[in-house]
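The values are calculated or read from the model by the stated rules, or taken from the named source; none is laboratory data. Keep in mind it's a predicted model, so treat the numbers as computed, not measured. Positions of Cβ are backbone-derived with ideal geometry, glycine not excepted, and every protein chain shown enters the neighbour counts. Only protein heavy atoms, including side chains, enter the accessible area calculation; ligands, DNA and RNA are left aside. Shrake-Rupley method; radii C 1.70, N 1.55, O 1.52, S 1.80 Å.
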Amino acid sequence: MSRSTGDPNLPIETLREALTVRRVFGEAYTVGETTVIPVARVIGGSGMGYGSGSGREAASESPNAEGSGGGGGVGICAWPSGAYVIRDGDVTWKPAFDLNLAVMGGQVLGAVVASSIACALRAKFRRRMF
């Protein structure tokens, strides 16, 4: 029976390397006498699996059944959160504006308003009928 020789800790090590402080706090840069430190929100996860095998089962068509396994993966999602701005010894926070989130919020608000108007009109017409 053959076994996989891959490193089972590889997905975890890859995730550890990917989720460093540099992913959250970007490289600081200076413009004139102002220092800017970009900040992001980072979410990550990993998973892995393994298998094994043994001899032939009664239902198997293969006379020399063997098994092996492996597998793993890492996923990371990062989006800008804002930046720390250091000017003349004062530190200020400048949040990032997420246009996609604003558009989605407007769509949800529009749906709520449309549903409310529809319910109010429906109730009004039901009162007229009786």
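Could you check the stretch 75-118 and list, in sequence order, the residues that are farther than 19 Å from P38 by Cα and open to solvent by 90 Å² or more (accessible area, probe 1.4 Å)?
N100, L101, M104, Q107, L109, I117 - these are the residues of the stretch 75-118 that are farther than 19 Å from P38 by Cα and open to solvent by 90 Å² or more (accessible area, probe 1.4 Å).
Of the residues in the stretch 42-74, how many are out of contact with any helix residue (DSSP H, G or I) (no Cβ under 8 Å at 6 or more places or on another chain) and at pLDDT 80 or above?
Here the count works out to 1.
Within the stretch 77-104, track down each residue that is outside any strand (DSSP E or B) and more than 14 Å from A40 (Cα to Cα).
Taking the stretch 77-104 as the starting set, the residues that turn out to be outside any strand (DSSP E or B) are 88-89, 96-104.
Across the stretch 77-104, the qualifying residues are D88, G89, L99, N100, L101, A102, V103, M104.
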